[in-house]
Amino acid sequence: MRILSVDLGTANTVAVLSGHGVVDVDGGATMPSSVYLDEDGTLRVGRDADRRSRRDPSRYEANPKRLIDKPTMKLGDQTLPVNDALAAIYARVMEAVTPLLMGSALDEIRLTHPAEWGPSRRNKLLSSARLAGMTGELVPVPEAIAVAALGGGRPLAVYDFGADTFDVSVLDAEHRILADGSLGDIGGLDVDQALLEHVGREISHKDPAAWQRLLRPTTVDDHRARLGLREELRLAKEDLSALHRVEVTMPEPFEKVVITRGELEALIRPSLIRTTELLISTVTRAGVTPEHVYLVGGSCQMPLVAQTIAEKVGIVPTSPDHPETIVASGAQVVDKTKITLKPEDDKPKYVEPPTVVTAPVSPATSGPHPVNPNVSGPNPVVSGSYPSGSYPSGSYPSGSYPSGAYSASGSYPVTGPYGVNPNVSGSYPMNFPQQQAPKKKDNRKLLLGAGGAVVALAVVLGAVFAFSGPDLPSADECKDETTQDGQGFTRCLRQLAGHVPDGGGCEKADSAQITGMDEIKGTVVSCAIRDGYAVQYILTDSVTGAENNADAIAKSFQTDRVEADWTGNGLEGGYRAATSSGTGVLVFTAKGRPMFGILTKNAEENADELKPDEMADFFEKTVQPGE
């Protein structure tokens, strides 16, 4: 029986053929899941797409899987169905597999997908596979079940740190998914973004205009420079898994930058804490005791991932030798009669990718994959194109499938050590972090300024609610919000603003303004309060973006400052306040939410008497959302 399993991931695609093993699709075990549309309509994929992206980045999409909930995408001046992009990737896999079959037909093609995907997304993969010319029985396989098939008959948890999202699933001994969860703002691409912002804080002051061109390119040369920088940062991230420091080559006019493993770990530690918190809560909901935690995804190769799990949970995770191929390999041995698929769709997970996010650029090449004009528009048919015909999304049923000849077996070695107590046994869960009550308002800390050196506030990220209710938006809803009221507030910003808008004086702004800082982009509402006080509420595109902007403002404080935690209106967070020459600034954040606020005060009289405590008092009495 000839079975092909294909793991089309956000960043890379892997294929495994029974009797052969991992297929060399594009010059290696993994092929970038990227596409590039030539001016003549020819659609190229993989490393060929990455290489051509330098010609015209507007015709390039690094991660088409992220657009699974979108019907079309824009490449250059053409609109392309997302199905066609995914089909081009599957077609490239078939080009590599066909010679290995030596005239035989495939009996099954197993297509992996996130466990949380419902029928609509699964059917989009299936219709794309048919469009690519894949024949035989198509079997959708949840990624967590594929991993569990290699773990033997025992309950386990799958910790999947992919390029786009973090996903966790807990399965029983029969490999049934008992509970799962996801964090849409944590993935390998978000780590790349955090590195970019870190480098920007270090060097952007040398030439602010040049740095802005990298962030928001307007010319082809600017786009090329941005792609090159993103590639350098991705490679630096990977190298820091083995090295303690790396040099990053910067585009002109900037000089080389050194990044250390410690700096990278400081950037990602808060996010990793959130993943372990989700792991623990998912285990609790599942009601079983996993014997192992399996690490999946390229980002899991960062040493801090396993270390954080060991520290917070008390168990050394199991790391496969080849995490990038484990899903496709596991799909080969899944007993398909035991596959359980999610019966309903969640709300769309698509989040508009930041303009600075791109995929790896590689010099290797692969063949063209034109799109069938009978299916999706004016793209020419060339040799190797998809078969003619229409394959509408949603036309392939989900559910169980006939019995297969493969059973679950095998295991992967544990890597380490990660500083785990040797007396800790394999039982789970262990060493759960204790919930701590929020600090009282009078528990302020005074930090003394010293020549601009500022002690940063470490905020543990996490969407922790003091209470919940039907009118309080979730953290995921915050990221996707676009609807604004008459004053410019989204529901999330309104939750952060509390009663402040009730007094009027609030209006939508193009950007947030603070003296000595670049404009801060996002959804911004500015409110004039009274006595020289004003507050700006900013909704950014990610939790990391909000935290980094707030940190940048705090680091600009050159004088003594106070800081404390706050809670209210279903949120909790922290604030930092400082004053200088009659000007006061207080920046406040909401844990686990992609938003923050800036309270300012201009004292025209008795300017020298304005103190950080006065800013804090006003925030707590007037601006802080009430309970």
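Every number here is computed from the coordinates shown, using simple stated rules; none is lab data. These numbers come from a predicted model, not from an experiment. Glycine gets a Cβ as well: all are built from the backbone with ideal geometry, and neighbour counts include every protein chain shown.
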About its Cα centre, segment 39-140 carries a charge dipole, from +1 on Lys and Arg Cβ atoms and -1 on Asp and Glu Cβ atoms, whose size in debye to the nearest 20 is 320 debye
Computed from the beta carbon distance with a Förster radius of 60 Å, FRET efficiency for residue 98 and residue 556 to the nearest 0.05 stands at 0.50
Vicinal HN-Hα couplings computed from phi for segment 131-143 (Karplus, 6.51 cos²θ - 1.76 cosθ + 1.60; Hz; Gly/Pro x) | 4, 7, x, 6, 10, x, 6, 9, 10, x, 10, x, 4
Determine the alpha carbon to alpha carbon distance for each of 521/621; 256/521; 65/479; 555/621; 479/508 and list only those over 21 Å.
-> 521/621; 256/521; 555/621
Report the full-extension gain for the segment residue 239 to residue 446: residue separation times 0.36 nm, less the Cα-Cα distance, to one decimal in nm.
-> 70.6 nm
Label segment 66-120 by shape, choosing from rounded, prolate and oblate, from the square roots a ≥ b ≥ c of the eigenvalues of the Cα gyration tensor; if a/c is under 1.5 it is rounded, and otherwise prolate applies when a/b is larger than b/c, oblate when it is not.
-> oblate
Quick calc: nm separation of the 7 Å Cα→Cβ label points for residue 502 and residue 260 -> 5.0 nm
Rounded, prolate or oblate: which fits segment 296-345, taking a ≥ b ≥ c as square roots of the Cα gyration tensor eigenvalues, rounded meaning a/c under 1.5, else prolate when a/b beats b/c?
-> prolate
Taking the simple approach of a point 7 Å from Cα along Cα-to-Cβ for both residue 289 and residue 1, what is their distance in nm?
-> 3.5 nm
If R0 = 51 Å, then residue 482 and residue 105, at their Cβ-Cβ distance, give a FRET efficiency to the nearest 0.05 of 0.60
Residue 531 to residue 510: FRET efficiency via 1/(1 + (r/R0)^6), r the Cβ-Cβ distance, R0 25 Å, to the nearest 0.05?
-> 0.45
